[in-house]
1. I need a count of the residues in segment B:99-155 that are part of a loop (DSSP other than H, G, I, E, B) and charged (D, E, K, R).
2. From the residues in segment A:436-445 that are within 17 Å of A:D324 (Cα to Cα) and more than 12 Å from every other protein chain (Cβ to nearest Cβ), which one is modelled with the lowest pLDDT?
3. Within segment B:12-21, identify whether any single residue is over 20 Å from B:C191 (Cα atoms), at pLDDT 85 or above and within 11 Å of chain A (Cβ to nearest Cβ), and answer yes or no.
4. When you look at B:P493, is it out of contact with any Pro (no Cβ under 7 Å at 6 or more places or on another chain), buried (at least 18 other Cβ atoms within 10 Å of the Cβ) and at negative phi, yes or no?
5. How many of the residues making up segment B:303-320 are farther than 12 Å from B:V60 by Cβ and within 10 Å of chain A (Cβ to nearest Cβ)?
6. Can we say B:P74 is under 18 Å from B:A336 (Cβ atoms) and not small (G, A, S)?
7. Do you know which residues across segment A:446-470 are more than 19 Å from the chain's Cα centre (by Cα) and away from chain B (no Cβ under 14 Å)?
8. Among the residues of segment B:228-270, count how many are assigned to a loop (DSSP other than H, G, I, E, B) and more than 14 Å from every other protein chain (Cβ to nearest Cβ).
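The values are calculated or read from the model by the stated rules, or taken from the named source; none is laboratory data. All figures in this text were calculated on a predicted structure; none of them were measured in a lab. No Cβ is skipped: glycine too gets one built from the backbone with ideal geometry, and neighbour counts run over all protein chains shown.
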Amino acid sequence: MGLRIGVDVGGTFTDFLVTDDDGNAEIYKTSTTPGDPTIGLFCGLEKAAVHHGLSLDDFLSQVQTIVHGTTITTNATLTGDGAVTGFITTKGFRDVLNMRRGLKERQFEKYAPPPALVPRRRIQVVDERITVNGEVVTPLNEDDVRTAAAYFRKQNVEAIAVSLLWSFRNPIHEQRIREILEQELPDVYLSLSTDVLPQIRVYERNSTTALNAYVGPVLTRYLTRLQDELRQRDYTGKLLIMQSNGGVMSPQVAQRFASNTLLSGPAGAPMAGIFYGETHGFRNMITVDMGGTSFDVALIKDAQPTVTTEGTIGEHRIASPILDIHTIGAGGGSIAWIDSGGLLAVGPKSAGAEPGPACYGRGGTQATVTDAQVVLGYLDPAFFEKGELQFDVDAAGNAITEHIAQPLKMDLVTAADGIYQLVNNNMAAALGVVSVQRGYDPREFVLVVAGGAGPIHAAAIARELGIPLILIPRESSVFCAAGMLISDLKHDYVHTYAREFDQVDVAEVQALFARMVATARETLESEGVPEGKMEINYSADLRYVGQFNEVEVGVPGDGNISAETLTRMVQAFHARHDGLYGYSMQESPLELINLRITAYGKTFKPKQERYPRSDTDPTHARLGSRKAWFDGKFNEFAVYDGLQLLNGNHVEGPAIVVQPTTTILVPPDFDLICDDYQNYLVFTKGKDINELCKALQ
Amino acid sequence: MDAKVKNTHIDSIKVSVIGNRLDAISKEIGQTMLRTSRSPIFSEARDFVTGIFDSQLRLVAQTAYIPVLMGALPYAVRSIAETFAGDIEDGDIFILNDPYHGNNHPPDITIAKPVFFNGEIHFWSAAKGHHADVGGGGVAGYNPRARSIWEECIRIPPAKLYMAGKPNKALWDTILLNVHLPFLVEGDLHCEVGAVTIGGRSLVALLEKYGVDLLNTAIEEIFAASERQMCAVIREVPNGVFKAERLIDHDGINKDKMIAVRVSMRVDDEGITFDFSDSDPQAEGYINSTMPNTASSCFLALFTSIGSEVRFNEGALRKLHVIAPIGSIVNAAEPAPVTGCTIATAQAIIEAVWLALSQSVPDKVDAGWSRWCGPASMGFNPRTGRMFGDIHFMCKGGGGASKGLDGWEHLGTVVCAGGLRAPDPELHELINPYTVLQYEYWPDSAGAGQWRGGVGTIYRWRVEADDIAVANFGGGNRPETVPFGLAGGKSAPPHELYLRKRDEVIDVDVESIYSYDSGDVFEIYESGGGGYGNPRKRELERVRDDVMDGLVSVDRARDDYGVVIDPETWEIDHAATGKLRGLA
């Protein structure tokens, strides 16, 4: 074995977590280099090599695996900087992609629709038609394909997406189009709906296939460069790429299914939640990650992240399974304002990194959440002397006074407290979306907190929802990189079946499952996964006949379908429907819409070192105290240096624990202990922490 | 610190928090409906509204995917509560569809649940959505031949669908016995009941958390805040009286007679009054509007123009007044038929209000959106062995342009304001006996302008079964009813609809009944939206982009926009263009 490195290239920083066989972990951070992210990446590797007293080449020779989260495809999509993409679809259906189902999200406002991924001129139609039953009624007109290819050549198209009507019932026309395009345009990136998402619903399939084409060349170029650089340094270990579904994949698979990296970065957080939660045996958690402009929330049930097929990226639909990460515009830079009715509101507009909150002193004048934190005394410039930021307390106060306190005729501190309470509430509501609205009780979950500023809000959010326990990893600032390191290889497959239950042919279903399994095994094999490390989960999307949305239920067993299996699926469906939607109809006939498998290649999991327990007294880490406002009054908060706290140390609230990039607020009715892995547990005062942990396992 | 100031502050923050939470609960009710419905009209097209009312039956929060329903719930919930005053138990769930008992039109069945806490009603959780069928002689509720309400539907007065938690079996059976598609109707009633139940659960949690008094105080503050928002918005419109008229194609009975909606909009220090006293009398056919629908249409026109940032609740409505004389086209007297009003008549009302507003604040108003014109159909699908009923929601027209913005393509109708989700063509073929032949933009269908209208849609399909009943409804088939242009922008063309049978081609009209047989092809060319501003001022590159994308023809670029483009190279002939634009 050797070293394993998680690398998360974020918007501002590139985070590194290096672990060895014994569970030792090191953290490195470098600035992200957006022009060519490999520069920042190698800069960080160099830092790690220096720390180990080695040359970069020698250091890399000790590295067994690099797991990489990248925002390269996300940025290309959000900035409209993807490949020049062509799109081929069935004649008569040219505009389904750009119609976006005819929806305008903010119905009463005047604004322009999002720019198209593929402008109409580059959407070409071919004469062909397959029926609802998969029969060819109009054979493919191959001349149409060649005409389209000639046009695309003239337009210097770099990628082509192909998505035809009912192609998942019969892929023959899409496959023939691929053959022709491979002859005509051998260097162009191809994305076929039958490969990417053979699933019913035209717009959703078109959009996902188009996104895959749009980012395919971008990711391919990037990964080729990265692999070349690594090869030049004789790196012989593995490179794995983080996917939106919370798994990893080889660079080869990533290039074919580039759209699976659109949430590569944020997907690390729920996986990290699982990693840290495991030390206490927690299986049900809600992870939160508070950044500068947004707040990401994800729910973990039975140590599995929840997955959605209803994602969007930059207002484009992506229907492949991705981790269900709910995002709201509530970060440190979120701006507080007063609406025309005179009510206080926070976000979704953000001061961003530039100019940033008023207290950054970079020209920001609006009142932000961070400014409120400063005014309330949670962030203190005195403890950030060595840090890169110098907080301008007066600027924070002036911004809040001018924009909030004076118009609302209240004093500065109550205005700041209002901002703090309101953003906490919006965050709590976001947790409600992934829990209560999905049929889960948040009180049965542990709150796991990432990001530097998240721990200032965590206790208030937990109290709002009745969550009894908060886990804050000491390495919360490289949270996502940690998540990437423990992720398995993971591939999702879907095939639409769409039959009423009494017409389900058990052999047909079994054959479809078997075909998906064969593809999955082949892919995992190409990624070097031995047979014994492969694991396949089966599921299906069901609904009452005539409904338009499905509920996914697990398919028991190993893909061998029997009448008994079907019965158990039906029972599971009724129960889940009732929990989610308030009713079930036991007598009603069902439809089986999609068959799904998820294939895992289990990877090595780093150990987490357990430290010997020290006594409960935290006095040695005490830095002093300061006044901070909480629950309507100023309290004297004891201040501790987090890096000096030892496991077993028990800090009583009110207290503030500071680390170079993290501040943890322990309100008067909460306590904190440093656990056996030197992470923090924050919990309601007076509770027995051991019993609490046990109850939540 | 001044104690009084501090108290006010605590309220102000709590008010924001509670306001956000109430909005979230209303959305939760909507999400539940969306996910569990069986009728594509709910779950694909999102033709429903959900809301929360307080103990005084005031609208507190609402989620209206289809905004023409935005003002309709309060009438329905009040009617239910008044009918059963003193006879309401925990666990009761009420139903209503009769337009002469407070409902907007019969297919939009209202379901409402009183929310009890410590033995008293503190909230109502309510939903209202368009059912695939309500019986009568119509198709999916649309009967253009109806001359009275009895020919349109089964009439359900305010009634208990559940009594103290137990289903009222006699009523369920009566309803399901009187509709053509009991299978869809039963599923969607369950869906509405489930949704208001989920809403009720969350409201009880809210009551437990904050207590009755605090919630009531917060709600008063929310109303006051919305009222302040609305006042601020109205102040931006100069005081005065603004008049406008729009026409409805016809009522289905007298097909050569257009019907006028006339509004006199008075803006003064008291608010805005929409007076429809000069409108035509009620019609024989089913396009007569009801008070809830007329009020909703006015609100929609206002919230899509000057009021786009106002939080919609009882407080926002205090400054708005609607005068609609009984017996007129905007407030029919019993037993006139009314089902067509939410489309045909609502569109005319909204357009009239916009035209009135455009006289003083043209920058805030869109040019005309394409009116809805398309069929509902119902029959038996031999391939699935089931009855089906659906409205062909794919034929969405273009949105109107506004100052600085082109209209959105494929967005209409305005009564949905972009909330109507086009159904998926594959799911549509899976359930209905239709093969979709074409579903794409209709080039040259938008009104020209410095900002052009959004383009409309071509939607054609072949019928694969016999004896399918069809009701085509809406408007915009006549020169007088096309989407209007504003500020020098051009109007869009009328729709064109054809039913191609084996030996004839039928020009399809609005508010008319047809029948499909196997092999028939139905064709809809749904118009785009109206343009805004002089088309000759449109940026040259924008015109060229539209030509390259095939949305505007070379001929129209020359004739409407004064831009000459080479059809081979797509180069602009600047000399010829300058001449046409009068710049040479």
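1. Going residue by residue through segment B:99-155, those that are part of a loop (DSSP other than H, G, I, E, B) are B:102-107, B:118-119, B:131-138, B:140-141, B:143-148, B:152-155.
Those still in the list that are charged (D, E, K, R) too: B:133, B:145, B:147, B:152, B:155.
Total meeting the criteria: 5.
2. Residue satisfying both the conditions and the ranking: A:Y440.
3. Of all residues in segment B:12-21, those over 20 Å from B:C191 (Cα atoms) come to B:12-21.
When the remaining residues are screened for being at pLDDT 85 or above, the result is B:18-19.
The next check asks that each one be within 11 Å of chain A (Cβ to nearest Cβ); those that pass are B:18-19.
Looking through segment B:12-21, at least one residue is over 20 Å from B:C191 (Cα atoms), at pLDDT 85 or above and within 11 Å of chain A (Cβ to nearest Cβ).
4. Details: out of contact with any Pro (no Cβ under 7 Å at 6 or more places or on another chain): yes; buried (at least 18 other Cβ atoms within 10 Å of the Cβ): yes; at negative phi: yes.
Spelling it out, B:P493 is indeed out of contact with any Pro (no Cβ under 7 Å at 6 or more places or on another chain), buried (at least 18 other Cβ atoms within 10 Å of the Cβ) and at negative phi.
5. 7
6. Working: under 18 Å from B:A336 (Cβ atoms): no; not small (G, A, S): yes.
Considered against the rule, which asks whether it is under 18 Å from B:A336 (Cβ atoms) and not small (G, A, S), B:P74 comes out as no.
7. If we filter segment A:446-470 for residues that are more than 19 Å from the chain's Cα centre (by Cα), which is where we start, we get A:455-470.
Hits for segment A:446-470 are A:P455, A:I456, A:H457, A:A458, A:A459, A:A462, A:I467, A:P468, A:L469, A:I470.
8. We begin by selecting, within segment B:228-270, every residue assigned to a loop (DSSP other than H, G, I, E, B); these are B:236-239, B:249-258, B:269-270.
Next cut, more than 14 Å from every other protein chain (Cβ to nearest Cβ) only: B:237-239, B:249-258, B:269-270.
Of the residues in segment B:228-270, 15 are assigned to a loop (DSSP other than H, G, I, E, B) and more than 14 Å from every other protein chain (Cβ to nearest Cβ).
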